[in-house]
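Following: one structure in structure tokens, then a few remarks.
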Amino acid sequence: MKMKKTLIVANWKMNLNIHQSSLLVSRLNKKITSHQDIEVVLSPSMLALQPIHLELNHHKFRLASQNGYFPDEGPYTGEVSFAMLKGLVDYGIIGHSSRRIYFNETLEMIRDKVKAAIRNDIIPIICIGETKPERLAGETNQVLHDQLTTAIYHLTSEEIARTVIAYEPIWAISTFDGEPSKPDDMQKALKFIRDQITDLYGQNTADDVRILYGGSVDDHDVRAYLSLEDCDGVLVGAASLNYEKFSNIVSKANQLNREIKN
Ligand code: PGA
């Protein structure tokens with residue numbers, strides 16, 4: 001299972017204008033060396049995607065959108081479709097909790113976005129996770145099950161094998177409660193997610209799916225998360241805006257991979 005490339009995704013959210021984004025990319029480019037078994041994905045704002053695409057070292061970094069709309073075109077003022085993002089990004093973050101919470105994205109919209117991304121050769125990074133009250137009420141597994149199965153049930157085995165699932169408990173995300181999570185507890189949820197995929201698609205396919213953890217990950221705790229049995233990478237918000245921290249995250253992932261290999 002650990003033979004998959006470690007995926008490290010930087011979610012810049014609604015931060016950094018085009019100039020600032022470009023500056024951060026050039027700093028990261030100097031600091032980060034490419035590693036065969038690590039994929040680093042940057043997710044700037046919609047506005048910065050095109051200029052960053054032109055200047056990016058594509059051997060080192062991949063690009064993700066933070067969103068995308070599901071119809072390919074039409075009278076949807078203010079939206080950008082996955083069809084328009086085709087060729088520009090490799091990945092698309094879908095169903096992030098800030099989209100679910102602030103923009104009322106429903107399970108069905110997220111399902112349609114996943115379909116649209118795949119139709120346009122964009123790999124979905126599907127974010128799922130429970131709120132604090134849901135966790136306290138013991139509903140975590142039910143929430144994860146509902147969010148996951150609605151988003152993926154229509155996918156073929158080949159499609160799901162390329163899809164990325166990010167487990168992001170909402171209470172652990174820095175912009176919400178930012179409560180520290182215990183890596184061992186997180187393994188339970190990551191395993192639960194893989195088990196759900198196994199039930200639907202079988203063990204071999206489920207093993208191919210990359211499952212990420214996200215929620216206040218930084219350079220001090222990234223190793224603990226990446227060491228978990230079912231953790232294939234991390235989705236990093238606040239710490240990804242700091243080039244020192246984010247490049248440390250990549251080097252810690254590399255150190256861990258070297259140790260596992262030896
Ligand atoms: P955080 O954000 O690392 O700042 O908690 C993660 C996310 O929301 O994707």
Whole-Å distance linking the alpha carbon centroid of the range 4-62 with that of the range 125-187 is 24
What the 5 Å binned alpha carbon P(r) of the range 168-221 shows, as percent of pairs per bin from 0, is 5, 19, 24, 19, 14, 11, 7, 0
Select from M46, W12, S34 the residue farthest towards the positive end of the dipole of the range 1-47; place +1 on Cβ of Lys and Arg, -1 on Cβ of Asp and Glu, and compute about the Cα centre.
S34
Run the numbers on the chain and let me know its relative contact order in percent, using alpha-carbon pairs under 8 Å that are six or more apart.
20
If every Lys and Arg gets +1 and every Asp and Glu gets -1 at its Cβ, then about the Cα centre the range 168-262 yields a dipole, in debye to the nearest 20, of 280
Please give me the summed charge of the neighbours of V41: other residues whose Cβ is under 12 Å from its Cβ, Lys and Arg +1, Asp and Glu -1.
+2
Over all pairs of different Cα atoms in the range 111-159, the reciprocal of the mean inverse distance gives a Kirkwood radius in Å of 11.9
Based solely on its DSSP helices, what 222 nm [θ] is calculated for the chain when runs of n ≥ 4 H residues each add -39,500 (n - 2.57) and the sum is averaged over all residues, nearest 500 deg cm²/dmol?
-13500 deg cm²/dmol
Take every Cα pair under 8 Å in the range 1-152 that's 6+ residues apart, average their separations, divide by the length, and report that relative contact order as a whole percent.
18
Pairs over 32 Å Cα to Cα, from K115/K245; K191/K245; K188/K245; K30/K132; K30/K191; K60/K191, come to K115/K245; K30/K132; K30/K191
Just want the answer: with Cβ charges of +1 for Lys and Arg and -1 for Asp and Glu, which residue in G138, L56, T77 is farthest toward the dipole's positive end in the range 1-150?
L56
Please identify every one of the chymotrypsin sites (Phe, Trp or Tyr not before Pro) in the range 5-89 that sits in a loop by DSSP and has no more than 16 other beta carbons within 10 Å of its own beta carbon.
Y76
In Å and from the alpha-carbon atoms only, list the Rg and Dmax of the chain.
17.1, 55
Mind checking Rg over Rh on the range 56-112, alpha carbons, Kirkwood formula for Rh?
1.01
Using a cut-off of 13 Å between beta-carbons, work out the net charge of the residues near Q142 (Lys and Arg +1, Asp and Glu -1, Q142 not included).
-3
Can you give the charge dipole size of the chain about its Cα centre, rounded to the nearest 20 debye, using +1 on the beta carbon of Lys and Arg and -1 on the beta carbon of Asp and Glu?
800
Classify the range 136-247 as rounded, prolate or oblate from the Cα gyration tensor: take a ≥ b ≥ c as the square roots of its eigenvalues, call it rounded if a/c is under 1.5, otherwise prolate when a/b beats b/c and oblate if not.
prolate
Enumerate the whole-percent occupancy of each 5 Å bin, from 0 to the last occupied one, for all C-alpha pair distances of the range 3-68.
3, 17, 31, 26, 14, 6, 1, 0
The equivalent-ellipsoid semi-axes of the range 209-262, taken as the square roots of five times the Cα gyration tensor eigenvalues and listed largest first in whole Å, are 18, 14, 8
Net charge of neighbours whose Cβ lies under 13 Å from the Cβ of N29, counting Lys and Arg as +1 and Asp and Glu as -1:
+3
Once you mark the GluC sites (Glu not before Pro) that are in a DSSP loop and have at most 13 other Cβ atoms within 10 Å, what is the longest gap between them in the chain?
74-228
Taking a ≥ b ≥ c as the square roots of the eigenvalues of the Cα gyration tensor of the range 145-195, is the shape rounded (a/c under 1.5), prolate (a/b larger than b/c) or oblate?
prolate
Taking N as the number of residues in the range 53-178, what is its alpha-carbon radius of gyration divided by 2.2 N^0.38 Å?
1.09
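Read-outs: derived from the displayed coordinates by stated rules, not from any lab. Please read all numbers here as calculations on a predicted model, not as lab measurements. With ideal geometry, Cβ positions are generated from the backbone for all residues, glycine too; neighbour counts draw on all protein chains shown.
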